[in-house]
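Reviewing the structure listed below.
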Amino acid sequence: MKFTVLSLFPEAVRAALDFSLIKKSLTAGRIELNTVQIRDFSTDKHKTVDDSPYGGGEGMLMRADVLHRAWASVALEKGVAESSTDESSLGSTVSAAVHTVFLSPQGKPLTSEKARQLASFEHLVLVCGHYEGVDQRFIDLCVDEELSIGDYVLTGGELAAAVVVDAVSRFIPSVVQNLESVNRDSFEGGLLKYPQYTRPPVFESLPVPEVLLGGDHKKIEAWRKEQSLKVTQEKRPDLLKSD
Ligand code: ADE
């Protein structure tokens, strides 16, 4: 699977993913990460990417034309993009395997289910905003969905894009080879994970629960289910409410 991140700070996205399992998966070619510097698609001599909002208001907005050129350079089939001069008609030539996500606090929340869904695309294009936002016409023309990583506002979408790459990669079978462990993680099956223990058997007078030492797998399974439910009830009762 391929991820392409469009950003004014591509090095921030790379740095945030340059460790542990994701780094190993990138090196092994199990996933591919490309970054595109949006500023390279500005056409004026000052390399401007933003401008003030029509109608007045705070701050600056990222320009739709600059963003569109950056997006078209990766999302559109080669040849079509080069031969066409009408920018507004380019959107129709995107391959079905390409899915464009704009990271924004206004997006749908990123959940485990959403990350699993996104893992089915061949190519995810992640667009990071900056300043006070982006021109709505870029979103209308090029973006398949907006995603938020939480109800707070970051200074830019870069960390959110790195979160998406990490969360989605865990659902690619070659990245996390132990699928059983992915399926047992928090949120799978709508519950949080049960408590886990390793050596030593007693730490600071706290013993490992007896059932885990007994080797009865049926009992262990039942205990884990019960604990998952208990932990979810205590920490995230909202997950148990059916809507
Ligand atoms: N950009 C700024 N804040 C964000 C958030 N909470 N989620 C995704 N992208 C963002």
Can you run phi through the Karplus equation (6.51, -1.76, 1.60; θ = phi - 60°) for the range 37-54 and list ³J(HN,Hα) in whole Hz, with x for Gly and Pro? 7, 4, 4, 4, 9, 6, 10, 8, 5, 8, 6, 6, 10, 9, 7, 7, x, 4
So what are the three principal axis dimensions of the range 118-242 from its Cα atoms, in whole Å, longest to shortest? 61, 33, 31
Would you pull out the residues with amide H under 5 Å of Asn34's amide H, same chain only if 5 or more places away, H placed 1.01 Å from N? Phe3, Thr4, Val5
Where does the range 182-243 land on Rg(C-alpha)/(2.2 N^0.38 Å)? 1.26
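Hand me the chymotrypsin sites (Phe, Trp or Tyr not before Pro) from the range 15-74 located in a DSSP loop with no more than 12 other Cβ atoms within 10 Å, in residue order please.
Numbers: sites: Phe19, Phe41, Tyr54, Trp71; in loops: Phe19, Tyr54.
In loop regions of the range 15-74 (DSSP not H, G, I, E or B), the sparsely surrounded chymotrypsin sites (Phe, Trp or Tyr not before Pro) are Phe19, Tyr54.
Between Glu145 and His46, what FRET efficiency comes out of the Förster formula 1/(1 + (r/R0)^6) with R0 = 35 Å and r the beta carbon distance, rounded to 0.05? Intermediate results must be reported in sequence, preceding the final value.
Details: r = 33 Å, r/R0 = 0.93.
Efficiency computed from Cβ-Cβ geometry: 0.60.
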Treating each Cα of the chain as an identical point scatterer and ignoring solvent, apply the Debye formula and state log10 I(q)/I(0) at q = 0.08, 0.15, 0.17, 0.18 Å⁻¹. -0.41, -1.08, -1.28, -1.38
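What is the sum of charges around Leu17, taking Lys and Arg as +1, Asp and Glu as -1, for the other residues whose C-beta is under 9 Å from the C-beta of Leu17? Mind showing how you got there, number by number?
Details: positive: Arg14, Lys23; negative: Asp18, Asp166.
Combined, the nearby Lys, Arg, Asp and Glu give 0.
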What lysines does Lys193 reach when the alpha-carbon gap must be under 22 Å and sequence neighbours fewer than 8 apart in one chain are set aside? Lys114, Lys218, Lys219, Lys225, Lys230, Lys235, Lys241
Stretch gain in nm, segment Leu239-Val211, where the contour uses 0.36 nm per residue and the Cα spacing is subtracted: 7.4 nm
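Bear in mind these aren't lab numbers, they're just calculated from the coordinates by the rules spelled out. Model, not experiment: these values are computed from the prediction. Quick reminder, even Gly has a Cβ in these numbers, built from the backbone with ideal geometry, and neighbours come from all protein chains shown.
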